[in-house]
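Report on the following structure.
The values are calculated or read from the model by the stated rules, or taken from the named source; none is laboratory data. Source: prediction; values computed, not measured. Glycine also receives a Cβ, built like all others from the backbone with ideal geometry; neighbour counts cover every protein chain displayed. Keep in mind that these areas ignore ligands, DNA and RNA; they rest on the heavy atoms of the full protein, side chains included. Shrake-Rupley method; radii C 1.70, N 1.55, O 1.52, S 1.80 Å.
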Amino acid sequence: MQKRIIAIGGGEIKKKTTLEIDRYIASLAKEHAGENRANALFIGTASHDSMPYFNSFRKTYTSVFDIKAEVALIVYGEMDKQKIADKIDKADCIYIGGGDTLFMLEKWKEFGLDKLIIDAYNNGKIICGLSAGAICWFKDMYTDYEIMRGESADYVLKKGLGILDGCMCPHFDDREQDFLEALKKGDIKSCYCVENNSAIEFVDGKFTKSISSGGKAYFITYDGENIAKKEI
């Protein structure tokens, strides 16, 4: 049974800028569902369970791809753990929305949702996510956590769930200069750097390919003297 994660660097699902990536995800969900109608579960913890965000997701996955869209809500106590576990059990695909990464991980740990999602991943359900929902799977995350909270003007390196080795930087087309400066400080030796409207796929923990809806993805390394930027 393959374990698959698709990490999307950024984009606007409402404006359908990630549509080609979503099309690929939808095809995998349908393959997983077999003869049944595919089911996609949206988890918007990072956006504080924004319902407009879920509605945008549903308009793409249901209206465009004819996939049943469900939502898991944990921020305001609307759903208990068993209800969400049942939703995860029925899902072919779990999509994690963007927003505040550290808030999301804190809430997941408090609720126990991190373990439910990791179990789903290990059981072969397709896991995908955008921005916060992409970087959380990696050992290290290059995030705007402190900027979002008004604590500093700098991007920072934070620990993720560690399901995937290495580091990921989302929104790379917006953050390249800042990231390259951070690289020179020596805290990061290598990183997957993914632009808006681009995604990278991992199967059984190994990078397999990038998927583009207009953006590009790179693997960047630093040896202490030179920066090597390779499109992947």
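Could you please find all residues in the range 61-98 being closer than 19 Å to residue 11 by Cβ, touching a strand residue (DSSP E or B) at 6+ places or on another chain (Cβ under 9 Å) and either open to solvent by 20 Å² or more (accessible area, probe 1.4 Å) or polar (S, T, N, Q) (or both)?
Answer for the range 61-98, where residues must be closer than 19 Å to residue 11 by Cβ, touching a strand residue (DSSP E or B) at 6+ places or on another chain (Cβ under 9 Å) and either open to solvent by 20 Å² or more (accessible area, probe 1.4 Å) or polar (S, T, N, Q) (or both): just 62.
I need the full set of residues from the range 99-125 which are closer than 19 Å to residue 202 by Cα and either surrounded by 17 or more Cβ atoms within 10 Å (Cβ to Cβ) or under 16 Å from the mean Cα position of the chain (by Cα) (or both), in order please. Explain how you work it out, then say what you get.
Initially, the range 99-125 is screened for residues closer than 19 Å to residue 202 by Cα, giving 114, 117-125.
Result: 114, 117, 118, 120, 121, 125.
Filter the range 198-225 for residues that are touching a helix residue (DSSP H, G or I) at 6+ places or on another chain (Cβ under 9 Å) and of a type in the set (A, V, I, L, M, F, W, C); which is most open to solvent (accessible area, probe 1.4 Å)?
Here the answer is 211.
Can we say residue 49 is modelled with pLDDT of 95 or more, over 22 Å from residue 7 (Cβ atoms) and outside any strand (DSSP E or B)?
Numbers: modelled with pLDDT of 95 or more: yes; over 22 Å from residue 7 (Cβ atoms): no; outside any strand (DSSP E or B): yes.
The answer is no for residue 49.
Tally up the residues in the range 110-141 that are over 22 Å from residue 210 (Cα atoms), touching a residue at least 60 places away in the same chain (Cβ under 8 Å) and either out of contact with any strand residue (DSSP E or B) (no Cβ under 8 Å at 6 or more places or on another chain) or assigned to a loop (DSSP other than H, G, I, E, B) (or both), please. Working first, answer last.
Of the residues in the range 110-141, the ones over 22 Å from residue 210 (Cα atoms) are 110-120, 123.
Among the residues that remain, those that are also touching a residue at least 60 places away in the same chain (Cβ under 8 Å) are: 113, 117, 123.
From what is left, the residues that are either out of contact with any strand residue (DSSP E or B) (no Cβ under 8 Å at 6 or more places or on another chain) or assigned to a loop (DSSP other than H, G, I, E, B) (or both) are 123.
Residues in the range 110-141 being over 22 Å from residue 210 (Cα atoms), touching a residue at least 60 places away in the same chain (Cβ under 8 Å) and either out of contact with any strand residue (DSSP E or B) (no Cβ under 8 Å at 6 or more places or on another chain) or assigned to a loop (DSSP other than H, G, I, E, B) (or both): 1 in total.
Residue-wise test of (1) in a helix (DSSP H, G or I); (2) out of contact with any His (no Cβ under 9 Å at 6 or more places or on another chain); (3) under 25 Å from residue 162 (Cα atoms).
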residue: 12; (1), (2), (3): no, yes, no
residue: 22; (1), (2), (3): yes, yes, yes
residue: 36; (1), (2), (3): no, yes, no
residue: 58; (1), (2), (3): yes, yes, no
residue: 69; (1), (2), (3): no, yes, no
residue: 75; (1), (2), (3): no, no, yes
residue: 105; (1), (2), (3): yes, yes, yes
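Among 174, 187, 178, 165, which is the only one that is open to solvent by 50 Å² or more (accessible area, probe 1.4 Å), within 15 Å of the chain's Cα centre (by Cα) and of a type in the set (Asp, Glu)? Step through it out loud before you land on a result.
On the way: 174 fails: within 15 Å of the chain's Cα centre (by Cα); 187 fails: within 15 Å of the chain's Cα centre (by Cα); 178 fails: within 15 Å of the chain's Cα centre (by Cα).
Unique residue meeting the criteria: 165.
Could you pull out the residue among 21, 88 that is in contact with a Leu (Cβ under 6 Å, 6 or more places away or on another chain) and not hydroxyl-bearing (Ser, Thr, Tyr)? If you could, list the steps in order and put the result at the bottom.
Values: 21 fails: in contact with a Leu (Cβ under 6 Å, 6 or more places away or on another chain).
On inspection, the qualifying residue turns out to be 88.
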